[in-house]
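Everything on this sheet refers to the single structure shown next.
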Amino acid sequence: MTAEDFKKDIDKSLRAFASGNFTVNALKFFKTLGYVTERQSPLHKPTFKEFSDTYINGKKFDEVKAKAKEWKYVDLLFQLSKEEVLKQTSLFDTKKVDSTVIETYLFFAIQLEKEQYSRTELSLITREVNRLFPMPAMILFRHGNTLTLSIINRRLHKKDESKDVLEKVTQIKDINIASPHRAHIEILFDLSFDELKEKHQFTNFVELHNAWQRTLDTKELNKKFFNELANWYFWATQKVVFPDDAEKDKDLRNATGVIRLITRLMFVWFLKEKNLVPDDLFDEKKLKPLLKYSDKNKSTYYKAILQNLFFATLNTEMGVRRFRIKSKDEKQRDGHHFIHNVFRYEDEFIKPKETLEKYFANIPFLNGGLFECLDAEIEKPNNKKEKIRIDGFSDRDDNVLKVPDEIFFSEKEKIIDLSEIYGTPKKSKEKVRGLIDILSSYKFTIAENTPIEEEVALDPELLGNVFENLLANYNPETQTTARKQTGSFYTPREIVNYMVDESLIAYLKQKLNANENTEIKIRDLLSYSQKEIQFSIAEKENLITAIDMIKILDPACGSGAFPMGILHKLVHTLHKLDPKNELWKQRQIDKASSIDDAPSREAATETIEEAFENNELDYGRKLY
């Protein structure tokens, strides 16, 4: 069977969950992935009560964290042990690897009541279930019309080998049953037994477990994505033409233009993940009835879709979006000359006004510099004005801009020689494909990953890392060229977390009457553990005041990983100190009450009340 045929089988097994018995469909799904076992011991009834009577039976289990009341269905699918794997590989043995002994997996199926669950909610359920067993318990969740596969990592306790430590929970989240994302198909293909055996050559259960972890490692996913994006970047810079008004160096001009394009489009991709931008704008088949495509060397897609999306949509208020007024003067042809919040390239659309209304009118206005058109009129001496083109947002005939369609959509992968750029003959036959094709083949998530829970997807942190590292390819002050790259292209999340924790510990210790236990208590507070907070009410109030007064400075800010890391850790800390936001909200109201001007004081208080009452808890934490 070819890889493509295997992926079609995975797709088919996922779509089968639309009807029929959950357990039967789940067993067929895992069988498709190559996990075959006769060790099946289903529950007599697929209910939480039966699960509790069978497995909890007095053991420590938090039903609130596990959302037990929302379990509609639960069953033990099977136990995968070394005996089953022996049948599939002749070199299998049992031994301790990296201080770990694992000889079996449990696989559970749990159907939940609500349509949507956060990564944290599913992680807590996974942890509570794993407290009950001495071996890793993997869970296939169903919620609404989606599936989530939740995998936990475990290691032996350093002091007591009879105790396991529950480490990071990794999820393949929100797999659409009706239309599985191709990124999810790729991940599941990589997790299939035969593919893991081919790539990792495991010889025991621990090595199989480690192969799962490496396959699900977001650092590897990020690296794979960046490598593919970097190849595209070097290819695209040879294909594009940008105006030379501001920058005469062609290589530098193309590099900055392509990096700007990547950054804008990736930001849009995260907006698309929130359903704020229509998917159809990035689907070549759906675009054909909208645009007058002629050939791949033209720049129809970049001009008509992306430039209008960037400048005339995301940087223009809703309700006033329209095509430019054409001038009666055919020499000028542009009645909105150098006004960049109107749509251009009307002649490239089959039905321009209908397309604007259907696809662009309801996209939100962002009011940020990223989507500001850089074409400008500059005042010169003697009251003269000089027109500077950088983005080239113009449908005049003399517009030199060229960003061909082929660098966005490509029917087949192209083989290109990047050996000179990378400084190695190993890069003489690199594969490249269109940028939209690349982005469409990865799963993006708007939730930042943490040290204890990850989704196998690209999160917003990647945006800054990509910008920072592509920028280094031409920046003469910080140049780290492709030839010198080691494959480590961003500050590892673990190092950022260490910097964040140590900075906050040093700061918060100053705000408390520190004793020998203070630092331990603060470390527990900042950690992602479930330990009870050991602070008095007065200490909690002092800590909340300290968080409210904190100022963060990152003088060498590159991708923004450190200040964003601080923000997420402070939000996490406030959640532990003040779960219902009562103290945090009161702190904001107390500050507002000190405003002397009565109308301003009332307006500020009203804004605070609205922010806390009408949004999720973390909104008020982040906002203030």
- Query: Given H placed on each backbone N at 1.01 Å, which residues far from Lys168 in sequence or on other chains put an amide H within less than 5 Å of it?
  - Reply: Asn153
- To the nearest 10 square angstrom, what accessible area does Ser192 show with a 1.4 Å probe? 0 Å²
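Using a simple charge model, +1 on the beta-carbon of Lys and Arg, -1 on the beta-carbon of Asp and Glu, nothing else, what dipole does the chain show about its Cα centre, in debye to the nearest 20? Kindly include the intermediate steps, with their values, before the conclusion.
Working: 98 positive and 102 negative charges, 203 e Å.
Dipole magnitude for the chain comes out near 980 debye.
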- Calculate, in nm to one decimal, what Ala538 and Lys509 gain on full extension: separation in residues at 0.36 nm each, minus their alpha carbon distance. 9.0 nm
- Spatial separation of Cα centroids for the stretch 1-26 and the stretch 169-216, in angstrom: 15 Å
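So for the chain: antiparallel DSSP bridges make up what percent, rounded to the nearest 5?
On the way: 35 of 48 bridges.
Bridges in the chain are about 75 percent antiparallel.
Work out, in µm²/s and without decimals, the Stokes-Einstein translational diffusion coefficient of the stretch 22-83 at 10 °C, 1.306 mPa s, Rh from Kirkwood over C-alpha pairs. Don't jump to the answer; show the numbers that get you there.
On the way: Rh = 13.1 Å.
Taking Rh from Cα pairs, D becomes 121 µm²/s.
Rank by packing, highest mean first: peptides 228-237, 29-38, with packing defined as the count of other Cβ atoms within 10 Å averaged across residues.
Values: 228-237: 21.2, 29-38: 17.3.
Result, highest mean first: 228-237, 29-38.
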- Item | Members of Lys250/Lys402; Lys511/Lys540; Lys303/Lys402; Lys197/Lys219; Lys551/Lys591; Lys303/Lys326 lying beyond 19 Å, as alpha-carbon distances in this model show | Lys197/Lys219
- Task: For Lys580, list the aspartates and glutamates whose Cα falls under 12 Å from its own Cα; do not include residues on the same chain fewer than 8 positions away.
- Result: Glu613, Glu616, Asp618
- Item | Spatially proximal lysines relative to Lys414 (Cα-Cα < 16 Å; intrachain offsets below 8 disregarded) | Lys239, Lys296, Lys427, Lys429, Lys431
- Identify, among Ala598, Ser123, Ala255, the residue whose Cα sits farthest towards the positive end of the charge dipole of the chain, taking +1 on the Cβ of Lys and Arg and -1 on the Cβ of Asp and Glu, with the dipole about the Cα centre. Ala255
- Query: When the Cα centres of the stretch 502-522 and the stretch 529-571 are compared, how far apart do they sit, in Å?
  - Reply: 12 Å
- Can you list residues whose amide H is under 5 Å from Asn204's amide H, if they're 5+ apart or on another chain and H is modeled 1.01 Å from N? Asp93
- With 0.36 nm assigned to each residue of separation and the Cα-Cα distance removed, His200 to Lys12 gains 65.0 nm
- Query: For the chain, what is the mean residue ellipticity at 222 nm derived from helices alone (per DSSP H run of n ≥ 4: -39500 (n - 2.57); sum divided by total residues; nearest 500 deg cm²/dmol)?
  - Reply: -11500 deg cm²/dmol
- Note on the structure: The aspartates and glutamates whose Cα lies under 17 Å from the Cα of Lys426, excluding any fewer than 8 residues away in the same chain, are Glu228, Asp417
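At 0.36 nm per residue, minus the direct Cα-Cα distance, what do Asp62 and Gln213 gain on full extension? Give it in nm, one decimal, please. Can you show the working numbers first?
Numbers: separation 151, 0.36 × 151 = 54.36 nm, distance 2.66 nm.
Contour length minus the Cα-Cα distance gives 51.7 nm.
Show me the ranking of peptides 255-268, 409-422 by mean Cβ neighbours inside 10 Å, starting with the highest.
Working: 255-268: 20.4, 409-422: 14.6.
So the peptides 255-268, 409-422, ranked by packing, come out 255-268, 409-422.
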- Item | Where the chain is the region considered: accessible area per residue in Å², 1.4 Å probe | 51 Å²
- Specify the inter-centroid distance of the stretch 226-245 and the stretch 595-624, based on alpha-carbon positions, in whole Å. 45 Å
- Message: Distances longer than 18 Å among the Cα atoms of the stretch 195-303: what percent of all pairs is that?
- Response: 69 percent
- Item | Relative contact order (percent, whole number), the chain, Cα cutoff 8 Å, 6+ residue spacing | 10 percent
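Cβ neighbours within 10 Å, averaged per peptide: list 73-80, 433-440 in order, most packed at the top.
Details: 73-80: 22.1, 433-440: 20.0.
The packing order, highest mean first, is 73-80, 433-440.
Using square roots of five times the C-alpha gyration tensor eigenvalues, list the equivalent-ellipsoid semi-axes of the chain in whole Å, biggest first.
Working: eigenvalues 411, 233, 123 Å².
Equivalent-ellipsoid dimensions as semi-axes: 45, 34, 25 Å.
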- Query: Which angle between 0 and 90 degrees, to the nearest 10, do you get for helix 218-236 versus the longest principal axis of the chain when only C-alpha atoms count?
  - Reply: 20 degrees
- Arg119, Arg15, reordered so the largest accessible area comes first (probe 1.4 Å): Arg15, Arg119
- Task: Select from Phe61, Leu77, Ala18 the residue farthest towards the positive end of the dipole of the stretch 1-77; place +1 on Cβ of Lys and Arg, -1 on Cβ of Asp and Glu, and compute about the Cα centre.
- Result: Phe61
- Task: Could you tell me the accessible area of Lys509 in Å² (1.4 Å probe, neighbours in place), rounded to the nearest ten?
- Result: 70 Å²
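The values are calculated or read from the model by the stated rules, or taken from the named source; none is laboratory data. Since the structure is predicted, the reported quantities are computational estimates derived from the model, not experimental observations. Every residue, glycine as well, gets a Cβ built from its backbone with ideal geometry; the counts of neighbours run over all protein chains shown. Accessible surface is based on the protein model in full, side chains and every heavy atom, while ligands, DNA and RNA are left aside. Shrake-Rupley method; radii C 1.70, N 1.55, O 1.52, S 1.80 Å.
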